[in-house]
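A short write-up of the structure that comes next.
Read the figures in this text as sums done on the coordinates, not as results from a lab. Everything numeric here is computed off the predicted structure, so don't read it as measured data. Cβ sites come from the backbone with ideal geometry, for glycine too, and all protein chains shown count toward neighbours.
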Amino acid sequence: MRQSQSIAIRLAVILFLGAQTSAADPESIQRKLDHTNWSFNANESGIIASLRKSEGHAVSFTTDATFLSKLTISVLGKDGPIHSWNGGVESVFQVTDDVLYYIDYSSSTSGGTFVVVDLKTGKEVWTSPLQAIGPVGHSKYFNAITFEINFPEALITVHGQESFGNYIECKDLATGRTIAHRVYPPAEH
């Protein structure tokens, strides 16, 4: 009971802050980001790293027999799947305090969509497209993404590494609104 009260209080605070104003100051975060060097930790990307960062719920992976790199990822409750989405071995997610955070994206296209789901209700709290490096034309592409959640600052920081550039994007934890964004030149993969 105590843990569920903590979860409810955290969600209420996040939603309240989002309704009022961001806990994070967009201008100061953008100034900080403008002076931040590019970094990307590939060890934090993918389903294995995501499982290490998740707690409280089992996660299952189901493959398509005709396309083995395609996965259906499901967060499980005591009565079965609470929320499922299509992904792959490169998928990134985190389960913390009955809340699922994940980025719906493909490793062969630019950008993606950040999704937050309340696992008590199974309903999406918000979805927000990543600005990423912007639209690009391509025939062969690479895209890898990681993210960190800073609960005290109510901030999500996304690091993206793409064929035509890299980026760091900061999102308000309560609303998903992008509050800071910077594009960097492409790194060698």
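Each residue of segment 144-157 was assigned a 3J(HN,Hα) from its phi angle through the Karplus curve 6.51 cos²θ - 1.76 cosθ + 1.60 (θ = phi - 60°); the sequence is 10, 9, 10, 8, 10, 10, 10, 5, x, 8, 6, 9, 10, 10 Hz, with glycine and proline shown as x.
Between Arg52 and Asp25, the simple spin-label model (points 7 angstrom out along Cα→Cβ) gives 3.4 nm. Here each label is just a point 7 Å from Cα along the line to Cβ, and for Phe151 and Asn37 those points are 3.1 nm apart. The trypsin sites (Lys or Arg not before Pro) of segment 103-175 that meet both conditions, a loop assignment by DSSP and at most 10 other Cβ atoms within 10 Å of the site Cβ, are Lys140.
Each residue of segment 111-125 is assigned a 3J(HN,Hα), and the resulting list reads x, x, 10, 7, 10, 10, 10, 7, 6, 6, 9, x, 9, 5, 7 Hz, derived from the Karplus form 6.51 cos²θ - 1.76 cosθ + 1.60 (θ = phi - 60°), x at Gly and Pro. Modelled spin labels at Thr109 and Ser163, positioned 7 Å past Cα toward Cβ, are 1.4 nm from each other. Straight Cα distances below 25 angstrom link Lys171 to the lysines Lys32, Lys53, Lys120, Lys123, with same-chain residues fewer than 8 positions distant left out. Listed values for segment 165-176 are Karplus-derived 3J(HN,Hα) couplings in whole Hz (6.51 cos²θ - 1.76 cosθ + 1.60, θ = phi - 60°), namely x, 10, 7, 10, 10, 10, 10, 5, 5, 7, 10, x, and x replaces Gly and Pro.
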